[in-house]
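Single-structure report; data block below.
Readers should treat all values here as calculations from the given coordinates under stated rules, not as data from a laboratory. It should be emphasised that the depicted structure is a prediction, and the values quoted were computed from it without experimental measurement. Reconstructed Cβ throughout: ideal geometry from the backbone, glycine too, with neighbour counts over all protein chains shown.
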C-alpha cells in the first residue's frame, strides 16, 4: 500500500524523525492560508499523487511543475490553482498521468547539502538495510547504474535496530561534518525503527538535506507498506487513498483476488502466483503480451471466478483470455463448473482459452465440452499459450 508524502511525513514526525512544518491544502485559498500560517519567506507547494518524479513532471497542457517554490501567499494560490484538479504527468505515472486532488505546502529551510536515504528489505542478506548516498535529489536508479560506488548500505537486525556505530560510520562515509554526526545517528536510527515498527516495505527520503545549521531533515518522504501487515496497523490502513489506485485492483482486493494490471492484450486467470508468472512468461515467449496478473488462489468458487472475469473484461485492451488452472486443492471439476456458470453470467466478448490439469481433470474437460459455451480447450500450457496468442491476434 502506498501513501502520500504528507501522510508519510506525519508518520515520520510521530517517530521522531525531523521534518519541516507543513499544511495540506485542497483548494487554492487553503494553499494561500497555509503559506501565511507557516510564516517562512519561502514555501514549497507540492502536488500529492502516488508517483515519483513530481519535481520534473508537468501538468498536461502547461509548463506547471509538480513541485514549485512560493514566495508569497499569491504564489501559493497560483501554483495550487494550476495543480488542483489537473493531470500531472511524470516518468512514473506514464503518459496517462494522475489527477492532483491535494497539495502539500511545506516551509522552506536553508539547505547546505542534499543526500539520499532509504530503508528496505534486501533479500540477498535476508535483512532490512539502510541505504544512503551523497547523490541526493536525483533518480537513485541512475546513480546505481552509473556510479554504484556512491551507494552505501548498512544491514541491521530488526529487533536491535541500527547500531549507533553504524549510523556514525555512514555519517563519516557521507562526508558529514563531525558536529552533525549526532544528528545523523538520531535520524538514521529513528528512520530504521519506524521502518520496522510500521511494517513498511520501503521508506525513501530523497532528498535528505543537511541544513545550514548542521541538522538532517527529511525534505521528501515516500512510504509503502506490506498489505499483509495492515491488520496490525489500523491507523496506517486508514491512510489508503483509493482514488489513487487502479479501480480494477481495488475491486479485486475487495473480492480476495490478487490482480495487477499490465499493458498487454491477453487476460490471464490462474490459480497460484508462481503458475501465473510462468503463464505470463510463456504467453510473452510465444509473441503475446499479458494484460494482467490475476491469481484466484486455491479456494476460488463461482462467485470469485465470475468477478475475476468481470475485472479482466473491464480492460478494453483485452483481446483474449487464458485460463490456466492446476487442480490441486481446487479440483478441475470445480473450476470447470465455475467457468461455465461465469460464461453464462458475464457473457464473453473475446475468445476464451482454457487449460486444465490435475485432480479430476478428465471430468472437468467433459464439463467444458458439453457446456455449449464458446471455450477453446488446450492440452498443455504451451498449446494454450499458442492458441490464446493466435486468438488475440485474430
Cβ-Cβ FRET estimate between residue 255 and residue 277, R0 fixed at 25 Å, reported to 0.05: 0.75
How big is the gap, in Å, between the Cα center of segment 1-72 and the Cα center of segment 319-394? 49 Å
Using Cβ counts within 10 Å as a stand-in for footprinting exposure, how do 375, 321, 151 rank, fewest first? 151, 375, 321
The chain: antiparallel bridges as % of DSSP beta bridges, rounded to 5, reads 75 percent
Calculated FRET efficiency, residue 197 and residue 60, Cβ-Cβ r, R0 45 Å, to nearest 0.05? 0.70
Compute the distance in nm between two label points, each set 7 Å from the Cα along the Cα-to-Cβ direction, one at residue 13 and one at residue 122. 3.3 nm
Where N is the number of residues in segment 111-237, Cα Rg divided by 2.2 N^0.38 Å: 1.03
Name the residues of segment 307-332 whose amide N is less than 13 Å from a point 7 angstrom out from the Cα of residue 246 along the C-beta direction? 311-318
For Cα pairs less than 8 Å apart in space and 6+ apart in sequence, what is the mean separation divided by the residue count of the chain, i.e. the relative contact order in percent? 12 percent
Kindly provide the Kirkwood hydrodynamic radius of segment 322-394 in Å, to one decimal, from all pairs of distinct alpha carbon atoms. 12.2 Å
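What number, rounded to the nearest 500 deg cm²/dmol, is the helix-based mean residue ellipticity at 222 nm of the chain, given -39500 (n - 2.57) per DSSP H run of at least four residues and division by all its residues? Spell out each step's value before the answer.
On the way: 13 runs with 140 residues, N = 394.
Helix-only estimate at 222 nm: -10500 deg cm²/dmol.
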Residue exposure sequence - 133, 153, 343 - by fewest surrounding Cβ within 10 Å: 153, 343, 133
Can you tell me the orientation of helix 5-14 relative to the chain, as the angle in degrees between its alpha-carbon axis and the longest Cα principal axis, to the nearest 10? 60 degrees
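Sorted from fewest to most neighbouring beta carbons within 10 Å, what does the list 314, 371 look like?
Lowest count first: 314, 371.
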Want the number for residue 317 to residue 228: 0.36 nm per residue separation, take away the alpha-carbon distance, what's left? 29.0 nm
Computed from the coordinates I sent, Cα extents along the principal axes in Å equals one of [x] 83, 45, 35; [y] 78, 47, 40; [z] 78, 50, 38. Tell me the label. [y]
DSSP-defined beta bridges in segment 247-393 - what % are antiparallel, rounded to 5: 20 percent
